[in-house]
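In what follows, a single structure is set out as structure tokens and then discussed.
The values are calculated or read from the model by the stated rules, or taken from the named source; none is laboratory data. Values in this document were obtained by computation on a predicted structure and should not be read as measured data. Counting neighbours? That spans all protein chains shown, and the Cβs are built from the backbone with ideal geometry, glycine included.
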Amino acid sequence: MLATAGYLAFVMTCAAASFAALALSLRLVSRRVAVLDHLRDNAYAIYVVHFVFVSWLQYALRPAQLSALTKGSLVFLGAVALELGRVGRAAARSRDRPGRVTEGELRSRGR
């Protein structure tokens with residue numbers, strides 16, 4: 001019974017600390033950062049793309065006899081490399097299409 005109360009207290013403390021961190025962030029941070037706005041707007045797409053890369057790499061490294069830290073580092077570096085390659089190909093494709101209007105240009109025009 002006492003252990004359950006301790007676990008419940010730990011959970012409530014973690015939840016309260018999380019809400020306090022969010023409240024302090026909302027209260028004290030008033031300036032907007034363009035990079036963070038871009039991340040906020042595209043968070044779900046970023047999650048989906050990285051989920052595929054990370055899951056595939058973890059599955060590929062599953063049978064390897066490496067430490068967890070090594071596997072985690074390889075997955076992280078592999079996901080970053082795959083994402084940079086994907087972004088580079090997308091940028092090259094967008095440069096090949098003249099007359100294409102980017103999202104940033106639409107925002108600057110007020111649309």
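Among residues belonging to the range 10-39 that are of a type in the set (D, E, K, R) and loosely packed, with under 10 Cβ neighbours inside 10 Å, point out the one that is nearest to the chain's Cα centre (by Cα). Please lay out each step first, then the result.
The initial filter retains those residues of the range 10-39 that are of a type in the set (D, E, K, R), namely 27, 31-32, 37.
Subsequent filtering for residues that are loosely packed, with under 10 Cβ neighbours inside 10 Å retains 27, 31-32.
On the way: R27: 23, R31: 21, R32: 19 Å.
Going through the qualifying residues, I end up with R32.
The criterion of at least 3 residues that are closer than 28 Å to V87 by Cβ, of a type outside the set (D, E) and modelled with pLDDT under 95 is met, among helices (runs of 4 or more DSSP H) falling completely within the range 1-77, by 34-41, 43-61.
Of all the numbered requirements in (1) modelled with pLDDT under 75; (2) farther than 24 Å from A34 by Cβ, R93 misses one, and that requirement is (2).
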